[in-house]
Each structure stands twice: as structure tokens, then as C-alpha cells.
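Right, one structure below, let's go through it.
The values are calculated or read from the model by the stated rules, or taken from the named source; none is laboratory data. Quick caveat: nothing in here was measured; it's all calculated off a predicted structure. FYI the Cβ positions are ideal-geometry reconstructions off the backbone, even for glycines, and counts take in every protein chain you see.
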Amino acid sequence: MSTRDWLLEDSPHSRLQANAGRAYRVFTALLRNPLSVLGGLIILILVLTALLAPWLAPYSATGQDLANRLAPPSGAHWMGTDELGRDIFSRVIWGSQITLTIVGLVALISAPLGLLLGAVAGYFGGWTDRVLMGITDIFLSMPKLILALAFVAALGPGINNAIIAIAITSWPAYARIARAETLTIRSSEFIAAVQMQGASPLRVIVGHVLPLCTSSMIIRVTLDMAGVILTAAGLGFIGLGAQPPLPEWGAMISRGRTFILDQWWVATMPGFAIIIVSLGFCFLGDGLRDVLDPKSEGK
Amino acid sequence: MSAIRLDNLSISYGDTTVVHGVTLDIAEGESFALVGESGSGKSTILRAIAGLAPEWTGTIELLGRARSHGVERAVAAQCQMVFQDPYGSLHPRKTIDATLSEPLAIHGIGNRDKRVEEVLTAVGLDRRFRFRFPHQLSGGQRQRVAIARALMLEPKVLLLDEPTSALDVSVQAEILNLLKRLRREQGLTYLVVTHNLPVVSFLCDRLAVMRHGRIVEVAAVDLLKREALVEPYSRELLAATEGRAGLLDGVA
């Protein structure tokens with residue numbers, strides 16, 4: 001029996017096979033959508049670039065070569081050099097690590113936090129709901145970038161504080177989604193059935209409610225990643241994010257602003273990187289929505 | 001000892017009282033039906049006994065012990081419920097195996113593999129269904145899973161909320177036969193809510209007719225079969241379902 005037959009078998013023989021089969025079906029459905037494949041490829045390339053940066057980058061990200069400053073793109077420097085003679089291509093490659101760290105940590109902090117708060121508020125209702133959603137509303141009522149700015153200003157500039165600030169400003173949206181989903185899920189009969197079996201609220205929320213919220217959460221987080229990258233770049237641009245000489249893409253654009261008319265490549269190259277990676281997350285998110293959305297799934 | 005005893009039970013949702021002063025006594029091993037039109041409060045009584053409708057006054061006793069208003073673990077092991085809609089009562093992202101193992105995990109019972117296989121056999125499901133997801137099963141198969149889940153903790157009392165009304169006629173007969181066999185084999189007490197009188201005459205020993213949240217008449221099922229119910233409303237209800245009387249002719 002081939003692996004494919006094993007995965008698609010109608011009557012799985014074990015838990016592992018059942019779950020692997022479901023994952024395989026999601027994966028093949030994703031492959032049928034060309035845009036999501038493209039998005040997935042872009043993200044894959046980003047991850048590989050970040051992992052292999054030391055071997056991929058032809059030059060050091062911080063090594064200066066003042067004799068060769070602001071050189072246009074050429075065979076030796078594919079994306080040209082910046083005002084200190086640093087190779088922009090190498091800096092973009094090293095910068096992928098920073099971007100990936102930001103995206104990953106923000107997702108790791110804000111998605112579970114929002115998910116849990118939203119699910120708790122939606123499941124218990126009443127005062128718990130009012131208090132938690134009140135806090136969420138306060139955070140939601142402030143513009144994301146301004147709030148992140150305030151946090152960074154309070155915590156001090158730097159990449160870690162930028163990550164914390166973005167995470168703090170992005171969880172409320174997830175809490176809202178999780179709450180809305182929980183409200184519809186908690187009145188369903190399969191939840192009543194586990195409640196009747198004597199399950200604790202913790203068990204019901206974590207074991208039965210959250211698994212149903214996660215797919216819409218994964219979609220939303222993926223789509224939001226573009227925004228996170230842009231916010232991080234924005235913070236870098238105004239000098240509150242990554243500090244020099246870190247090759248953060250937003251900070252690189254900011255440095256290139258001075259030469260934007262004569263040496264366009266200094267600001268444009270990291271700009272392309274931001275656009276491509278943001279697009280990749282958007283395409284992948286759209287594809288995931290088509291595949292994971294419970295409503296579009298065969299009942 | 002009575003399996004379920006309700007004394008002057010009134011149930012409300014917020015400000016509206018749905019059930020008014022219901023008193024009932026259901027013996028152990030009996031199969032009792034609550035019949036009535038939609039909105040008569042029959043399902044609400046079931047939910048209150050199950051602990052899912054906590055706003056009630058009066059007394060609910062299960063196997064001689066008064067139950068509190070919320071969900072209780074001790075009650076869970078004695079009394080389980082089968083819901084009406086087999087499409088809504090199974091978690092869409094959990095395999096049959098996970099759904100059936102969950103009650104055992106909650107109550108810290110070991111030897112789950114064996115128990116799951118036992119119960120699947122008892123409800124007549126092949127073991128190849130064990131690791132499927134609900135959407136890979138038919139309505140009748142799902143209802144068998146729901147019944148299996150209710151049996152996992154070996155309860156004495158089973159609350160059945162219109163267990164067949166969401167199913168095809170032919171599948172209805174299968175499920176009713178299954179319920180009848182399980183009751184005989186495991187000595188279960190049934191409290192069945194239905195608006196389908198043929199189901200009552202097939203599955204139950206006694207019935208209570210409900211209207212507007214009150215019990216109109218309690219009678220043995222013989223009276224229903226002989227069409228000898230006393231109260232005018234019961235006769236009306238019987239006449240209204242007359243057209244469907246031949247429905248379960250094929251059921252042995």
C-alpha cells in the first residue's frame with residue numbers, strides 16, 4: 001500500500017492515521033490553489049533564507065567598504081551598496097532573520113493570548129465577558145501603530161521592545177474573533193454533551209472550543225502577518241525599531257531615504273523584500289481560508 | 001426505587017416560566033415518554049434533569065438522590081442524554097474514537113481502547129468506523145455514535161431527546177430497535193421526549209401528555225394503543241398523528 005493510499009484510507013486504523021489523513025487532505029486542497037502555492041513558496045524561501053543566511057550572503061551584513069559606497073547594482077553587488085559601502089543583497093538576506101523573528105514571536109505571543117481571553121470571555125459570558133471585552137475595546141480603540149509607538153517610547157527603542165509592542169497591540173483583534181466563534185460554539189449540542197459528562201470549564205474550552213477557533217485564527221494571523229511586517233518596518237523607519245547596524249528592512253529604507261532620488265536602489269531593494277514577503281503571507285492566508293474555513297469544508 | 005422523581009418542578013429561562021409544577025415518578029427499568037407539541041416544555045424537563053437548564057425550583061431526584069442545579073460529575077455517571085440532531089451533537093473535528101474516549105478521560109477511567117471497542121460493538125458499529133470523523137458517517141451512524149457516547153460511563157438512566165426525529169424513516173426503525181435492545185440488555189431506564197406517538201407505543205411503557213408546560217395526563221401505553229386516552233387534548237393529539245400511524249409497521 002502506498003503512502004498516499006494509507007493517508008486517504010476511508011477507515012483509518014489509528015489516531016495518527018486519521019489526523020495525518022486530514023492534514024494531507026488540507027495540504028492537497030491547498031496545492032490546488034496556485035496563489036496559495038505561490039504564497040507558501042515565498043514563505044518557504046523566507047524561512048530557508050533566514051536559516052541559511054550565513055552561507056547565502058556573499059558579504060558581511062555590517063562590513064563597511066567606504067571606497068565602494070553607494071555603488072549601483074552590478075555583478076559584484078547584485079543590489080548595489082549603501083552609504084557605508086555595505087552590500088545591500090547581503091543585508092536583505094540577513095534581514096530576513098529579523099523579519100522572521102518578529103513575525104514568529106508576535107504570532108506566538110498575541111494569537112494564543114487573544115484566543116484564550118476571547119474564548120474565556122465568550123464561554124463564561126456575564127461579568128467575565130464584560131470586563132475582558134472592555135479591556136479589549138480599550139486596546140482596539142487606539143490606532144495600532146500609535147499605540148505601538150507609545151509602548152516602544154516607554155520601553156525604549158530596540159527590536160525586542162518592538163516585538164512586545166506589536167504583540168500587545170495585535171491580540172485584541174484575535175480576542176474578538178475567538179469570542180464571536182465561542183459564542184456560536186458554546187450553545188451547540190456537542191458542547192452540552194461534554195458538559196453533561198462532567199467536563200470542567202477548562203477542559204471544555206481547551207479541548208473542545210479552541211480546536212474549532214484555531215482554523216479561523218490561523219487564517220487571520222497569516223493575513224495579519226503582512227501588517228505586522230509593515231508595522232515593524234514602520235517602527236524601524238522612524239528609528240524606534242531595530243537599531244543600526246542591524247539590517248532590518250524598515251530601518252534600511254529609512255537610511256536610503258536621503259539618497260532616494262540619485263541612488264534609488266538603497267531604499268528600493270529592502271522595499272521589494274517587504275512587499276514580496278507581505279504578499280506571500282496574504283496569498284497563503286487567502287488559500288488557508290478557502291481550505292480551513294469550517295463552512296466551506298464538506299459536512 | 002424510582003429512577004427519576006420530579007416533585008413540583010418549575011423551570012424558567014430568564015423571566016419566562018416554561019414548565020409549571022410538574023410531578024412525575026419513573027420507576028427503575030421503566031421506559032417513560034413525554035409527548036406534546038413543540039413548545040410544551042418536554043425537552044426543557046429533560047435539560048433540567050441533565051443539568052443544562054439550571055433555573056428551576058422544586059425537586060429533581062435521580063436514583064433516590066436529589067440533584068443540584070448545575071452539572072455534577074456523580075450525576076454524569078448515572079444519567080446521560082442522547083440529543084436530537086446527530087449532525088450537531090458530535091464534535092466536527094474529533095474522530096469517533098476521541099469523542100467516545102472523552103467521558104472516560106474526564107472520569108479518569110483506564111482501559112479505554114477496550115471500552116470503546118465494546119461500546120461500538122454494542123451499538124452495532126463496525127470497528128472500522130472508530131477513527132473516522134463525523135462527516136464521514138451517515139445520520140444513522142452518527143446517532144449510533146451519540147448513543148454509544150451516552151453509554152460510555154455505564155449510566156442507569158438515559159434521557160432521549162427526540163432520538164429519531166432527524167433521521168430517515170428506515171433509519172428511525174434501526175435506531176429504535178437498537179434502543180429497545182440496549183434497554184433489555186443493560187437494564188436501562190429511558191425518559192423519551194418525542195412528538196411521534198408510534199415511537200411511544202414501540203419503545204415505552206407509560207407516557208405523559210404535556211401542554212403549555214403542564215402535564216395533562218399520565219397513562220399506560222396500552223391506553224395509547226387502544227386509543228383510549230381520557231383527556232380531550234390527548235385524544236386531539238392522537239387524532240392529529242393518526243395519519244402517521246402506519247409509519248413503524250416495519251419495525252419488529
Within the stretch B:95-108, restricting attention to residues that are surrounded by fewer than 20 Cβ atoms within 10 Å (Cβ to Cβ) and over 16 Å from residue B:155 (Cβ atoms), which residue is farthest from the chain's Cα centre (by Cα)?
B:108
Considering only the stretch B:84-93, I want to know if a residue exists there that is in contact (Cβ under 8 Å) with a residue 60 or more places away in the chain, charged (D, E, K, R) and surrounded by 16 or more Cβ atoms within 10 Å (Cβ to Cβ).
yes
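For the subset of the stretch B:14-26 comprising residues that are assigned to a strand (DSSP E or B) and more than 14 Å from residue B:48 (Cα to Cα), which member is modelled with the lowest pLDDT? Give the steps one after another, and end with the answer.
Of the stretch B:14-26, the ones assigned to a strand (DSSP E or B) are B:16-26.
Keeping just the survivors that are more than 14 Å from residue B:48 (Cα to Cα) gives B:16, B:25-26.
On the way: B:16: 89, B:25: 92, B:26: 92.
Ranking the qualifying residues of the stretch B:14-26, first place goes to B:16.
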How many residues are more than 15 Å from residue A:70 (Cα to Cα) and aliphatic (A, V, I, L, M) if we restrict to the stretch A:245-267?
2
Out of B:150, B:146, I need the residue that is in a helix (DSSP H, G or I), closer than 21 Å to residue B:29 by Cβ and within 11 Å of chain A (Cβ to nearest Cβ). Which one?
B:150
Answer residue from the stretch A:189-213, given it is among the aliphatic types (A, V, I, L, M) and more than 7 Å from chain B (Cβ to nearest Cβ) and is nearest to residue B:161 (Cα to Cα) among those:
A:191
Qualifying residues in the stretch A:42-92 (those that are part of a loop (DSSP other than H, G, I, E, B) and of a type in the set (S, T, N, Q)) - the one surrounded by the fewest Cβ atoms within 10 Å (Cβ to Cβ):
A:74
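Only one residue in B:33, B:76 is modelled with pLDDT of 90 or more and either closer than 21 Å to residue A:210 by Cα or touching a helix residue (DSSP H, G or I) at 6+ places or on another chain (Cβ under 8 Å) (or both). Which one?
It is B:33.
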Being loosely packed, with under 15 Cβ neighbours inside 10 Å and in contact with an Asp or Glu (Cβ under 8 Å, 6 or more places away or on another chain), is that true of even one residue in the stretch B:55-68?
yes
Any chance residue A:285 is surrounded by fewer than 24 Cβ atoms within 10 Å (Cβ to Cβ) and not in a helix (DSSP H, G or I)
no
Quick check on my filter: what residues within the stretch B:204-218 are surrounded by fewer than 19 Cβ atoms within 10 Å (Cβ to Cβ), in a strand (DSSP E or B) and not charged (D, E, K, R)?
B:218
So which residues in the stretch B:153-187 are touching a residue at least 60 places away in the same chain (Cβ under 8 Å) and part of a loop (DSSP other than H, G, I, E, B), if there are any at all?
B:153, B:154, B:155, B:156, B:162, B:163, B:165, B:166, B:167, B:187
May I ask you to list the residues in the stretch A:9-41 that are at pLDDT below 80 and assigned to a helix (DSSP H, G or I)?
A:15
Scanning the stretch A:1-40 residue by residue, those surrounded by 16 or more Cβ atoms within 10 Å (Cβ to Cβ) and either in contact with a strand residue (DSSP E or B) (Cβ under 8 Å, 6 or more places away or on another chain) or touching a residue at least 60 places away in the same chain (Cβ under 8 Å) (or both) turn out to be A:29, A:30, A:33, A:36, A:39, A:40
